[in-house]
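First up is the structure itself, then whatever we jot down about it.
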Amino acid sequence: MKKTLLILAAMILFLGGCRKFDEIEASKVEMNDVTIERGWDYIKMSGGYDYPVELETMTLYISEKEDMSGAKTYGCVIDGKTFSVEADDLKDGTKYHYQYEYDNGYVKEKGEKGNAVTIDKPIVITKDAGGVTTVSAVLTGEVTNNDAANKIEERGFCWGTEPQPIIAGNHHNCGGNTGTGTSTFSHNLSNLQENVRYYFRAYAKTNYGIIFLMLDQGTPKT
């Protein structure tokens, strides 16, 4: 009698497991409420998914090529039926193709492809100093090629007697400009020492980071 009961219990467990396996095999992962956040060098994704069981792992493949060749892989963080992932170390202003791979504990399968574009960095131009006197000079800069996603919170100049001056040193904030396109700004640099070479460069601070002109400009000796 006991042996019969054990056999019946085993059969019930086996059949129940088969039904669960059949249910999983017949189901496709459905993504829902997925949000995408873009930056200069990253793409973040998060949302939920519908599936009979919680996925074991989820992997994001991301590539510049539509055939996904040379794709980078990023492991998703799974919390119940939600996920999040950040693809970093990307290029700005670049279209990327992505695809998820799902692991349900039995098999791995890939979902449909999608694409997202990272945000272009603005270009900061430092123009030649004008109106140079023994103790002053007029600095002019320009922000151009500005993606609409970039909020220009601050524009200005850094200067000093050593190359590559930074904001932590002498600098002047010329104000922000939230609009897109080209914006020009200037500053009258005064109270300089005579017969000293000063280096300066324009900068723009955005909601994604700070952009400097990569090459320094030097004023003639005052």
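Annotation note: of S84, S69, the sole residue that is hydroxyl-bearing (S, T, Y), without any contact (Cβ under 8 Å) to a residue 12 or more places away in the chain and surrounded by fewer than 17 Cβ atoms within 10 Å (Cβ to Cβ) is S69. When we screen Y98, Y106, Y42 for residues that are more than 30 Å from S186 (Cβ to Cβ) and buried (at least 17 other Cβ atoms within 10 Å of the Cβ), the only hit is Y98. Go through the residues of segment 165-178 one by one and say whether even a single one is over 30 Å from E66 (Cα atoms), touching a residue at least 40 places away in the same chain (Cβ under 8 Å) and under 27 Å from the mean Cα position of the chain (by Cα). Yes, segment 165-178 contains a residue that is over 30 Å from E66 (Cα atoms), touching a residue at least 40 places away in the same chain (Cβ under 8 Å) and under 27 Å from the mean Cα position of the chain (by Cα).
Report yes if some residue within segment 5-27 is open to solvent by 60 Å² or more (accessible area, probe 1.4 Å), of a type in the set (D, E, K, R), at pLDDT below 95 and touching an Asp or Glu at 6+ places or on another chain (Cβ under 8 Å); otherwise report no. No: segment 5-27 contains no residue that is open to solvent by 60 Å² or more (accessible area, probe 1.4 Å), of a type in the set (D, E, K, R), at pLDDT below 95 and touching an Asp or Glu at 6+ places or on another chain (Cβ under 8 Å).
Checking T57, T35 one by one, the residue that is open to solvent by 40 Å² or more (accessible area, probe 1.4 Å), of a type in the set (S, T, Y), under 18 Å from E109 (Cβ atoms) and touching a residue at least 12 places away in the same chain (Cβ under 8 Å) is T57 and no other.
Beta carbons closer than 6 Å, at least 6 apart along the sequence or on distinct chains, pair a first residue in segment 40-52 that is among the polar types (S, T, N, Q) with a second that is open to solvent by 40 Å² or more (accessible area, probe 1.4 Å) for S46/T35; S46/S84. Filtering segment 118-138 to residues that are among the aliphatic types (A, V, I, L, M) and touching a Ser or Thr at 6+ places or on another chain (Cβ under 7 Å) leaves I123, I125, A129, V132, V135, A137, V138. Please go through segment 124-151 and pick out each residue that is open to solvent by 50 Å² or more (accessible area, probe 1.4 Å), closer than 30 Å to T94 by Cα, modelled with pLDDT of 90 or more and not charged (D, E, K, R). I125, the sole residue that qualifies.
Within segment 152-170, restricting attention to residues that are closer than 15 Å to G209 by Cβ and assigned to a loop (DSSP other than H, G, I, E, B), the residue that is least open to solvent (accessible area, probe 1.4 Å) is I167. Taken together, V135, V143, V124, V53 contain a single residue that is outside any strand (DSSP E or B) and under 30 Å from Y199 (Cβ atoms), which is V135.
The values are calculated or read from the model by the stated rules, or taken from the named source; none is laboratory data. From a predicted model like this one, the values you see are computed outputs, not experimental measurements. When we count neighbours, we look across all protein chains shown, and the Cβ atoms used for this are built from the backbone with ideal geometry, even at glycine. Note: accessible area is taken over every heavy atom of the protein model, side chains too, but ligands, DNA and RNA are not part of it. Shrake-Rupley method; radii C 1.70, N 1.55, O 1.52, S 1.80 Å.
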